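The values are calculated or read from the model by the stated rules, or taken from the named source; none is laboratory data. The structure presented is a predicted model; accordingly, all values stated were derived computationally and were not measured. Cβ sites come from the backbone with ideal geometry, for glycine too, and all protein chains shown count toward neighbours.
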Amino acid sequence: MADLDRGAEPAAWTLKLSAGSFHKLSALLTLALLIFAFSFGNAAFFSINNGLTVLLQTSVIGLLGIGMTMVIITGGIDLSVGSVLALSGTVTGLSIKAGIPVAPAMAIGVMAGAACGFINGFVITKMRITPFVATLGMMLIARGVALQLTGAAPISRLGESFGLLGNGSLFRIVEKTGGIFPKVVFPGIPYPVILLGIVAVAGAYLLRRRQIGRHIYATGSNEEAARLSGVLVDRTKIFAYVLSGALAGLAGNVLMSRLVTVQPNEGVMYELDAIAAAVIGGASLMGGVGNISGTMIGAAIIGVLRNGLNMAGVSAFIQQIVIGIIVILAVYVDQIRNRR
Amino acid sequence: MKPDAQSATPLVQMDSIEKHFGGIKAVNDVSLDLYPGEVVGVLGHNGAGKSCLMRILSGAMIPNEGTIRVNGEVVDIQTPHDARDLGIETIYQTLALADHLNAPANLFLGRELKTRFGNLDDNRMMAEAVSVLKRLNPNFKNLNDPVSSLSGGQRQVVAIARAIYFDVKILIMDEPTAALGPSETAMVGSLIRQLREEGIGILLVSHDMHDVFELCDRVIVMNKGRKVGSHPIEDVTKDDVLSLIIKGDLPHDWAPRSQKAVQ
C-alpha cells in the first residue's frame, strides 16, 4: 500500500500546485512586472538602497497584514488595527515618560494592543457581535483613547534609544573617509525588516504546522463543522484577534520608533492597506483561505507601488486610485481561479 | 447477531429527555436505550425531534431535563468533545466537513496527531487516512485535495471514516445514505453490519424504509417531540411504521406481527 501511495503522490502534488498556487504565482508575476516597469522608468529605483527603503516602508503594513490574515482566515475582519497601532504607540510613549525603560515600555505597548484584540475577540464570540461592527467600534474606541490620553498632541523627547528599533540596522558598513560625512558602503538591513521576517516565518509556522493554525482554517472554512469536531471555535477566534492586536501594537512601536515621536493620530486607514495586502495575497474574506507568504507578496506590491509611483512623481491621489484598481483585479483573479 | 437484550447493560440509556425552545417542546419526555451490537432505527417526520435527540446525545445540544447513562453510569455531555471521549461518534447529515481542508485534516480535525515537539504530524495523519479511507473505498486517491473538490460519495466516506477511525462504541448516523449512489449505499450497509458484529451500537436516523427494514433490529418512532413507538423490527410492517410516523398511532387492529405469525 505504501508503494501505491508513493506512486499517486506526485500527481496529486502537481494538481495542488496548479490550483492553490495559481493566485500566488500571478501576484508574484505582478510584483516582478511592477519592479521591472519602475526600474525602467527610474534608474534609482532598482538599487539596494531603494530596495531596503521599500522593505522598511512595507514592514508596518506587513506586520499588520500577518495578523489580519489570521483574522480573515477565521472568516472575520479586524478594522481596528490602525487605531490600535496608534494606541499602542501612545501607551509605550506614556510609559517611557513615566520612567519605564524603553524595552519594557514597548512590551507594555504591545500588550495594550493584545488587550484590544482580546476585547475584540470577546465581543465577537461571547456577545455575538459581527466582526465588522465589533472592530469598527474598537477602531473608534482605541483612536479616542489615544487622542484623549495625549490631548491629540505628539509625545516627543523620548530619548535616542526609543528610535533604535525603527531606525537601526544590522550589518551596516560605514567607511571612515576623514570628512564630515562617512561613506556608507552598505546601509544595513533595517531592524523593522528583520522583525517582519521573523514574525512572518513564525506566523507561517503557526498556521501550517501547529494545531491552532489548523483550527483557524477549520473555523473559517466551516464553523459549525469545526465546533462539532471538537474545535474550540471561540477560543480559536479570540486567539486570532489577540494576535492581530498584538501585531498592531508591534507595528505601532516600530512606526513611532521610526519617527522617534509618538503620534496619536498615526495609522489612519492602515487597516485598509493591511486588508488589501491580505486580499491581494489570496486571502478570502469568506474565510478558510489565505496564507502568510501571499500576504507578504501583497504587502510588497503595495510598498513597491507607493515607492515607485512616488519616485515617478505621481501624486498621492493617483496612488490611491491605482491601489484600489489592483485590489479589485486581485479579487477578480481569485474569482477566475475559483470558477475553473 | 441478535442482541440478548435482557442480559447486557445498555450501552446508552437516555431517560425522560426534554428539550424546549421557548414554548415549543422539540423533545418531550423521550427515553431510549441502545444495546451493544444493536442497530436501532430512529424514524419520524421532519421536525419530529429525532435530530434534536441525536444532537443531544452527540453533545451538540444540551437537554433541559433528563439523564443520559453510558454503560450504566450517568454522564454529563456538554460538548461534542465530551461525547467523543465516551466513544460516541456522529456522522451528520451535513457531513460537517471543513471544505477548504483536505481529507486527512478533516479526518483528524480536533484530534490532530502531533510530533514530539507539538507540531502537526501531517505524514502520519496522511498515512493513517490512506489506510482507513482505502478500506472504505479502494478508489480513493485525491487525498491532498480540499474536500470541497471531492464527489458526494467521497465526502461521505471521509465523514464515515472520521467516525469509525477512533475508538467508537456508539455510532449515530444521520441519513448516511441520502447523498449516495446504489453501490455506495451498499457499502454503507455492509459497513453497518460489520460494525454491529464488532459490538458497536448504532442509531440510524433514516427516511428510507428499505434501509431501515434491511439493517435495523429495532425501530423507534417519534412524532411531535414524543416517542410514539419502539418495536422490534419483526413485530411491525412498513405500513405500521408509516402509520406511526404520520398519525403517531398504530393501526387499530395491530398486534405484534411475530406473534401473529405464530398463531
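A few points about this structure:
- In the stretch B:231-254 there is at least one residue that is assigned to a strand (DSSP E or B), at pLDDT 85 or above and surrounded by fewer than 22 Cβ atoms within 10 Å (Cβ to Cβ).
- Any chance residue B:189 is outside any loop (DSSP other than H, G, I, E, B) and in the same structural domain as residue B:10 (by TED's automatic domain parsing): yes
- Verdict on residue B:137 being farther than 25 Å from residue B:202 by Cα, more than 7 Å from every other protein chain (Cβ to nearest Cβ) and without any contact (Cβ under 8 Å) to a residue 60 or more places away in the chain: no
- Criterion (in contact (Cβ under 8 Å) with a residue 24 or more places away in the chain and more than 25 Å from residue A:91 (Cβ to Cβ)) met by exactly one of A:318, A:301: A:301
- Whichever residue in the stretch B:131-186 is among the charged types (D, E, K, R) and part of a helix (DSSP H, G or I) and, among such residues, is nearest to the chain's Cα centre (by Cα): B:162
- Matching residues in the stretch A:229-288 - criterion: being surrounded by fewer than 21 Cβ atoms within 10 Å (Cβ to Cβ), at positive phi and in contact (Cβ under 8 Å) with a residue 12 or more places away in the chain: A:260, A:269
- Residues of the stretch B:38-85 that turn out to be crowded, with 20+ Cβ neighbours inside 10 Å and either out of contact with any strand residue (DSSP E or B) (no Cβ under 7 Å at 6 or more places or on another chain) or at negative phi (or both), as a count: 25
- Subset tally (residues that are within 11 Å of chain A (Cβ to nearest Cβ) and modelled with pLDDT of 85 or more) for the stretch B:140-162: 9
- Spans of helices (runs of 4 or more DSSP H) in the stretch A:166-247 with at least 3 residues over 17 Å from the mean Cα position of the chain (by Cα) and among the hydroxyl-bearing types (Ser, Thr, Tyr): A:211-221
- Taking the listed residues B:195, B:242, the one that is touching a residue at least 24 places away in the same chain (Cβ under 8 Å), closer than 30 Å to residue B:134 by Cβ and among the aliphatic types (A, V, I, L, M) is B:195, with no other qualifying.
- Candidates are the residues of the stretch A:144-159 that are in contact (Cβ under 8 Å) with a residue 24 or more places away in the chain and under 29 Å from residue A:194 (Cβ atoms); the one that is surrounded by the most Cβ atoms within 10 Å (Cβ to Cβ) is A:146.
- Residue, modelled with the lowest pLDDT, within the stretch A:288-340, restricted to residues that are over 18 Å from the mean Cα position of the chain (by Cα) and polar (S, T, N, Q): A:338
- Looking across the stretch B:79-130 at every residue that is part of a helix (DSSP H, G or I) and facing chain A (nearest Cβ under 7 Å), the one that is farthest from residue B:174 (Cα to Cα) is identified as B:130.
- Residue among A:72, A:61 that alone is modelled with pLDDT of 75 or more and within 14 Å of chain B (Cβ to nearest Cβ): A:72
- Breaking point among (1) away from chain B (no Cβ under 14 Å); (2) more than 17 Å from residue A:293 (Cα to Cα), for residue A:194: (2)
- Residue list for the stretch A:213-241, restricted to those being polar (S, T, N, Q) and more than 8 Å from every other protein chain (Cβ to nearest Cβ): A:219, A:236
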